[in-house]
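Comments concern the structure below.
The values are calculated or read from the model by the stated rules, or taken from the named source; none is laboratory data. All values derive from a computational prediction rather than experimental measurement. For neighbour counting, all protein chains shown are included, and Cβ atoms are generated from backbone atoms with ideal geometry for every residue, glycine included. SASA here: full protein model, heavy atoms, side chains in, ligands and nucleic acids out. Shrake-Rupley method; radii C 1.70, N 1.55, O 1.52, S 1.80 Å.
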Amino acid sequence: MKEMAGEASHELSVERYIAAPPDSVWKIMTERLAEWWCPKPWRTEIDAIEWRAGGRFDVTMHGPSGEVSPNHGIFLEVSPGRRMVFTDAFKGDWQPQPAFMIGVFELTPEGAGTRYRASARHWDEASMRQHEEMGFFEGWEAVVGQLAGLVESGR
């Protein structure tokens, strides 16, 4: 857990260097999200995505044993090539729902490539610990590996 200005930050994060410029990483992140969003053998179905602040971010994750996990949220910020922020605190049209986190994905130029940083910010320590126990680090490191594989392979 990090400390920010005297307050506890209930944030979990992963970072990775990707050997491609931020615009290339962003292009794959946004145009091919279904190919990297959840760890294989799970797969992602895009239900609705509106790449703008206030836009819908609805995906359904499907597990190898028939598990179905719908996720409804909205984008709080979309800064092409740099940053996207979403939350599950609202569904489309600003309808509130029980919240788990705010997701932040940031791309920063680093040499000839990109420093990718993804974080999940939680309202409290219990939610953060629950996310960690669910396999946050293993899962989010797997998806950035999948993303880097797509970007770096040029496929």
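If I ask for residues that are touching a residue at least 60 places away in the same chain (Cβ under 8 Å) and assigned to a loop (DSSP other than H, G, I, E, B), which ones from the range 105-153 would you list? Those that are touching a residue at least 60 places away in the same chain (Cβ under 8 Å) and assigned to a loop (DSSP other than H, G, I, E, B): Ala112, His122, Trp123, Asp124.
Candidates are the residues of the range 134-155 that are farther than 14 Å from Ser24 by Cα and of a type in the set (Asp, Glu); the one that is nearest to the chain's Cα centre (by Cα) is Glu141. Just one of (1) aliphatic (A, V, I, L, M); (2) out of contact with any strand residue (DSSP E or B) (no Cβ under 9 Å at 6 or more places or on another chain); (3) without any contact (Cβ under 8 Å) to a residue 40 or more places away in the chain fails for Ala89. It is (2).
Conditions (1) touching a helix residue (DSSP H, G or I) at 6+ places or on another chain (Cβ under 7 Å); (2) β-branched (Val, Ile, Thr); (3) assigned to a loop (DSSP other than H, G, I, E, B), marked per residue:
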| residue | (1), (2), (3) |
| --- | --- |
| Thr44 | yes, yes, no |
| Asp47 | no, no, no |
| Arg52 | no, no, yes |
| Met61 | no, no, no |
| Gly66 | no, no, yes |
| Asn71 | no, no, no |
| Ile74 | yes, yes, no |
| Gly103 | no, no, no |
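Gly111 meets each of the listed conditions (1) of a type in the set (Gly, Ala, Ser); (2) in contact with a strand residue (DSSP E or B) (Cβ under 7 Å, 6 or more places away or on another chain); (3) at pLDDT 95 or above apart from (2). One residue stands out among those in the range 111-155 that are open to solvent by 70 Å² or more (accessible area, probe 1.4 Å) and among the acidic types (Asp, Glu): the one that is nearest to Ser9 (Cα to Cα), which is Glu133. Can you name the residue in the range 39-81 that is under 14 Å from the mean Cα position of the chain (by Cα) and aromatic (Phe, Trp, Tyr) and, of all such residues, is most open to solvent (accessible area, probe 1.4 Å)? The residue in question is Trp51.
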